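Notes follow once the structure below has been shown.
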Amino acid sequence: MKAYMPQDRNAPRELQQRMARAAISKELGPERLATLHRQIPVLDLAAVFGSIVAFALLAWQLAVRELADPLWWIALFVQGNLVVVMSIINHDVFVHRKFLPVPVRWVVSSILVAPAMLRGSLYESRHLTHHRALGTKDDTETLNLGINTVFRRAVYATPALLVFRALFYRGLVVASNDKPAFGGVRRAVWERNTRYSLIVLALASLAFNWQLLIVGYLLPLLVIGPLVNTMRIVLEHFDLEPRNPFWVGTFYRCGPLTKLMYWWGAGDCHIVHHFYPTVPFYRMNAALRLIVPILRREGVYEHRSLLPLLRDWFMASRGHWSVPAEVSSMPPKSS
């Protein structure tokens, strides 16, 4: 039996998604859902502080190794990817699951997103709005709709992304008068002090070994970060079908490598995340086993290869929040 009733397709998008979540929850049952949401604090701590330690160690390896060393090139890619992963860990552990008490949470959150040049409170506010308003005019990711030409998509995968992000977020900070929506002035003070402390630490590292900052951080941020971030955009919401409330993102079947690269947060994992944002990353494989069959049954198009997705993106053959050409004319499955 199909969980989704065709007569509900004219309902507001947010209501449709609630209905889809309710249908999935009914099918899974409260016991399974409780198990999927059970947290293991030691794994959360390992992810948070392990990623910070890994960032420092990789910066050191990039600073002391020679370019002729194959391990240097591996470290370059991993470090650039880790910048994105640290933000995803923050998004899972702190934004959605509110792990650790304040103000410790605010401080550690600021540290995790600092390499990506983000602000924890601003990101949290915008991201939670994205969840509430997914695919609507109020979605905070509507800016991705403007990345709609071959040129723009190519440029967005270069260091120009960092310039755009810096200017964009600077405008948001000015507009908000630096008062976070979550935590108020008190959080703003903690985040500002954390940010200044990290800047001082980074500048001090120049006296010890200038390559720690330049080669160990800025180079992978500029060279690898934009490419990894572009893939993240493609694997999150390149696909979006307003006629099907189960099709809330790119249903790409992630393998072990893509799961690790995006910390169980992209492709099929990201669709599950939009229905159940507080399922921890270490429960995602179990969640996929339960929910993926429902997505397939409900007519969500499953990508088995990354290459066609990247081709569609970089050739600008379709827009963000769209569906592949081969299925764009097919109606959603009905009961």
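So which residues in the range 194-246 are out of contact with any helix residue (DSSP H, G or I) (no Cβ under 8 Å at 6 or more places or on another chain) and within 30 Å of Glu14 (Cβ to Cβ), if there are any at all? Scanning the range 194-246 gives Asp239, Leu240, Glu241, Arg243, Asn244. Residue count for the range 160-197 under the criterion of being at pLDDT 90 or above and open to solvent by 40 Å² or more (accessible area, probe 1.4 Å): the result is 8.
Report whether or not Leu290 is of a type in the set (A, V, I, L, M) and closer than 16 Å to Val84 by Cβ. It would help to see each step written out before you state the result.
Details: of a type in the set (A, V, I, L, M): yes; closer than 16 Å to Val84 by Cβ: no.
It is false that Leu290 is of a type in the set (A, V, I, L, M) and closer than 16 Å to Val84 by Cβ.
The residue list His91, His96 contains one member that is under 24 Å from Phe182 (Cα atoms), modelled with pLDDT of 95 or more and surrounded by fewer than 20 Cβ atoms within 10 Å (Cβ to Cβ), which is His96.
Residues that are without any contact (Cβ under 8 Å) to a residue 40 or more places away in the chain, in a helix (DSSP H, G or I), open to solvent by less than 10 Å² (accessible area, probe 1.4 Å) and farther than 25 Å from Met117 by Cα: does the range 277-293 have at least one? Yes, the range 277-293 has at least one match. Restricting the first member to the range 296-320 and to residues that are within 12 Å of Arg153 (Cα to Cα), and the second to residues that are among the β-branched types (Val, Ile, Thr), the beta-carbon pairs closer than 6 Å and six or more apart or on different chains are Trp313/Val234; Ala316/Thr149; Ala316/Val150. Just one of the listed residues (Gln7, Gln79, Gln17) is part of a helix (DSSP H, G or I), modelled with pLDDT under 95 and open to solvent by less than 20 Å² (accessible area, probe 1.4 Å), and it is Gln17. At pLDDT below 90, surrounded by fewer than 20 Cβ atoms within 10 Å (Cβ to Cβ) and assigned to a helix (DSSP H, G or I): does that describe Leu145? Answer is no for this residue. Scanning the range 198-215 for residues that are within 19 Å of Val113 (Cβ to Cβ) and open to solvent by 60 Å² or more (accessible area, probe 1.4 Å) yields Ile199, Val200, Leu201.
For the range 255-267: of the residues being in contact (Cβ under 8 Å) with a residue 12 or more places away in the chain and open to solvent by 10 Å² or more (accessible area, probe 1.4 Å), which is nearest to the chain's Cα centre (by Cα)?
Filtering first and then ranking leaves Gly265.
The values are calculated or read from the model by the stated rules, or taken from the named source; none is laboratory data. Given the structure is predicted, the values throughout are model-derived calculations rather than measurements. Methodologically, a virtual Cβ is constructed for each residue, glycine included, from the backbone with ideal geometry; neighbour enumeration extends over all protein chains shown. The accessibility values were calculated without ligands, DNA or RNA, using every heavy atom of the protein model including side chains. Shrake-Rupley method; radii C 1.70, N 1.55, O 1.52, S 1.80 Å.
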